[in-house]
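Engineer: Take this structure, written in structure tokens, and hold onto it; I'll ask about it next.
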Amino acid sequence: MRTKSGSLVAEPLVNSFMTTLELLDHLGVFVFAISGALMAGKKEMDIFGFVVLALLPAVGGGTLRDLILDVPVFWLEDTNYLSITLVAAIVTFSGYRFIHKIENKLVWFDAVGMAVFCVIGAAKAYSVTEDAGVAVVMGVVTAVAGGIIRDVVANESPLIFHREIYATAAFCGAVAFVVLNQLNIPGAEWIGISIALCARGAGIIKGWELPRA
């Protein structure tokens, strides 16, 4: 099999890469869904509220991306994403007291999800439009739009507008992937994910924020 750069790659290696990326993608959906369900718990919502707020960050960004790109919405083609979200909502509802206590540890899984989503979103947009700018924007949208929708529905000020480095990390990861992909650099996806994750990690560990007025 040939990669996008045209170089030959062993079939097992390609399959291994795609399997790992898919697993990270599903992990991202699961953790994003938990973040939404935790918000429902803080707002003292019922089980339906848990499911709704779990869905918004888990599939909201990807849905908006696909609608803008005018392509089939991803979770309509693979309903496993809905199943993962439903499981996350039920697990969080059932064990809210325990999960709420370890919420600060889940932020790292959320960071992984964001890093994977920004690259997957950019890759999908670039494959559809072959436009670098659109790819970067759609990468950021995929990573952060669902969280914005969740916060608005929950009557909260969206996190990305006033606190830690988050959307900026997604932007850095998407830009890195698009540039390296255009240069036919092997492993552009993993490099983009790593850069986004490092930027987000710096914000978590060091408490870095963007300048405020």
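Engineer: Quick one: accessible area per residue over the stretch 44-103, 1.4 Å probe, rounded to a whole number of Å²?
Structural biologist: 57
Engineer: While we're on this one: Quick one: with all protein chains in place, what share of the accessible area of the stretch 9-135 is carbon or sulfur, to the nearest percent (1.4 Å probe)?
Structural biologist: The C+S portion of the solvent-accessible surface of the stretch 9-135 is 67 percent.
Engineer: Let me ask something else about it. In degrees from 0 to 90, rounded to the nearest 10, what is the angle of the helix 103-129 Cα long axis to the longest principal axis of the chain?
Structural biologist: With rounding to tens, the tilt is 40 degrees.
Engineer: Report the longest stretch of the chain that contains none of the GluC sites (Glu not before Pro) sitting in a DSSP loop with at most 14 other Cβ atoms within 10 Å.
Structural biologist: That gives 45-129 as the longest site-free run.
Engineer: How high is the relative contact order of the chain? Use alpha-carbon pairs under 8 Å, at least six apart in sequence, and give a whole percent.
Structural biologist: 21
Engineer: Only helical DSSP H runs with n ≥ 4 go in: add -39500 (n - 2.57) per run for the chain, normalise by residue count and round the 222 nm mean residue ellipticity to 500 deg cm²/dmol.
Structural biologist: -26000 deg cm²/dmol
Engineer: For Trp190, put the label point 7 Å out on the Cα→Cβ axis and report which residues of the stretch 86-120 keep their amide N under 14 Å from it.
Structural biologist: In the stretch 86-120, the label zone of Trp190 (backbone N under 14 Å from the point 7 Å along Cα→Cβ) covers no residue.
Engineer: Convex hull volume of the Cα atoms in the chain, per residue, in Å³?
Structural biologist: 129
The values are calculated or read from the model by the stated rules, or taken from the named source; none is laboratory data. Source: prediction; values computed, not measured. Because the Cβ atoms are built from the backbone with ideal geometry, glycine has one as well, and the counts that use them run over all protein chains shown. Areas reflect the complete protein model, heavy atoms only, side chains present, ligands, DNA and RNA absent. Shrake-Rupley method; radii C 1.70, N 1.55, O 1.52, S 1.80 Å.
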